[in-house]
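Presented below is the structure to which this report refers.
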Amino acid sequence: MKATGVFLLLSLALCCYQGNAEMDGAAGRGTEAACGNYDLRKGCTKIFDPVCGTDNLLYGNECLLCVHNLQRNTHVRIKNRGMCQKPSPRSNSAQK
């Protein structure tokens with residue numbers, strides 16, 4: 001019973017924490033991934049909680065973005081939580 005209560009409180013805290021992810025003071029740079037929350041040596045969970053990186057690639061969850069940064073020695077940040085936004089047709093034609 002205690003374990004269930006702790007699990008529910010932890011789940012609620014995580015939901016509130018994830019809902020507060022916003023762009024930081026520098027527009028367009030995204031937010032820092034909380035890589036310290038994960039034991040990257042053990043791997044990541046398979047829970048799909050997508051994040052869009054500042055490289056415009058979709059990562060299955062925040063932990064996978066951290067693994068990507070570690071393996072490739074990069075510094076991709078979280079552009080937004082959820083799916084990456086597709087560019088509008090106007091922005092594509094303007095770049096050509």
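Every number here is computed from the coordinates shown, using simple stated rules; none is lab data. Keep in mind that this is a model prediction, so the values were computed, not measured. Because the Cβ atoms are built from the backbone with ideal geometry, glycine has one as well, and the counts that use them run over all protein chains shown.
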Check: In nanometres, what is the gap between the two model label sites at residue 39 and residue 85, each 7 Å from Cα along Cα-to-Cβ?
Finding: 3.8
Notebook entry, point to check: Around residue 40, which amide H atoms from residues at least 5 apart in sequence, or from another chain, sit under 5 Å from its own amide H, with H modelled in the peptide plane?
Noted result: none
